[in-house]
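Inspection log for the structure reproduced underneath, given as structure tokens.
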Amino acid sequence: MPRLSAFFLILSLFLGLAAPSLAFKDMRLLQPYRALLEERGRLSSPGAYIFRISDEETVVVGVGQGFIEGTDKAWIDRAVRSASIMARSSLVQRIFGEEMQAVRTVTGKQGTMVHRQELQSVSSAVLRRAPVVGSWKADDGGAVFVAVGFVVRDGQVAMDAAGQRHEPVEIRLLEGEEPFVTLLRHNFTLALYGGAEGFVLPGECRVLLASGKALLSAGPARARRIARLRAVKELLARRDGITIVCVERLSEGEVVETDGAVVRTNHLSEFMEVHKEEVSGVINAMPVVAVWQDPEGEHLYVAMGKEFGCTKGE
């Protein structure tokens, strides 16, 4: 009997019947990416996935895996970076390296070609900057998974995680000023993982914001220096293109994006209205506008920011 029971267990696992779901912890994953990956059992499967939701909307997500090879918290950071690189590389390979297959097939050959052209209009350079939309760990603590993604809606690519509806990110704010703090709380990637974005507020006020993080185990002063340097690095990496998010309303701690979409991708120098040669100098001179910790108190984050063309109200 034990052998027979084992046989049926193996058979059920092979057929996907009554297969036990893998356990995960520290799950921080935005919708709709979480629902799509969970529904198809892809949370533990590195790769690139294209979910055709409708004729108007396609969700693209890359999943990477990094292995935690030691007990030091620095190993987790290394694993996260490795997983992020793998996730973005998977997207580039999937979209440019082989024939795409939508999860929900588009009706007719013409529809499939349009679908392919929509995604191939996204350059490989932009794909490599696709924002982190979530991370989670294997329950045994041996691996971390990172997801990067974006949505193609009506032919327009929304590369911004802030465009996804979610509750404000919980952070332990140490210092900060508006409007930067509110924008951070409503930008999943900037608040938890680091990155750089441009925002156009009502009245054509433009805000440039970048964040970086470092382990607090290095000491508060050193962690602050490292986090700031990483924020500078994020901005310099986007000198030839920065994602611009249009904000419809910014008041009383509430941010609402227009259609949850990105307005455009633009050269950083044009967004800042400075010459290309001046970009590095302006970035290095940008002030620190917020400092915070994650809820676990493991990382210190530093944000650098600047407003352009903004007129202060009375």
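Restricting ARG165, ARG128 to those that are at pLDDT 60 or above and basic (Lys, Arg) reduces the list to ARG128. Close Cβ contacts (under 7 Å, 6 or more residues apart or on different chains) running from residues in segment 80-106 that are at pLDDT below 65 to residues that are of a type in the set (A, V, I, L, M) and crowded, with 17+ Cβ neighbours inside 10 Å comprise MET100/ILE50; MET100/LEU119; ALA102/ILE50; VAL103/ILE50.
The rows are residues; the columns are (1) surrounded by fewer than 21 Cβ atoms within 10 Å (Cβ to Cβ); (2) among the β-branched types (Val, Ile, Thr).
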| residue | (1), (2) |
| --- | --- |
| GLY203 | yes, no |
| LYS213 | no, no |
| PRO220 | yes, no |
| ILE226 | yes, yes |
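Here are some residues: LEU216, LEU190, LEU201. Which one is among the hydrophobic types (A, V, I, L, M, F, W, C), at pLDDT below 95, more than 22 Å from VAL80 (Cβ to Cβ) and in contact with a Leu (Cβ under 6 Å, 6 or more places away or on another chain)?
Result of the check over LEU216, LEU190, LEU201: LEU201.
Within segment 275-314, if we keep just the residues that are free of Cβ contacts under 8 Å to residues at least 12 places away in the same chain and in a loop (DSSP other than H, G, I, E, B), the residue that is least open to solvent (accessible area, probe 1.4 Å) turns out to be GLY313. The set of residues in segment 214-225 being more than 27 Å from VAL274 (Cβ to Cβ) and touching a residue at least 12 places away in the same chain (Cβ under 8 Å) consists of ALA214, LEU215, LEU216, SER217, PRO220, ALA223.
For segment 21-40, the tally of residues that are open to solvent by less than 70 Å² (accessible area, probe 1.4 Å) and at pLDDT below 85 stands at 1.
The values are calculated or read from the model by the stated rules, or taken from the named source; none is laboratory data. Everything numeric in this text was worked out from a predicted model, so none of it was measured. Cβ coordinates were reconstructed from backbone atoms using ideal geometry, including for glycine residues, and neighbour counts include every protein chain displayed. Surface accessibility is based on the protein's heavy atoms, side chains included, excluding ligands, DNA and RNA. Shrake-Rupley method; radii C 1.70, N 1.55, O 1.52, S 1.80 Å.
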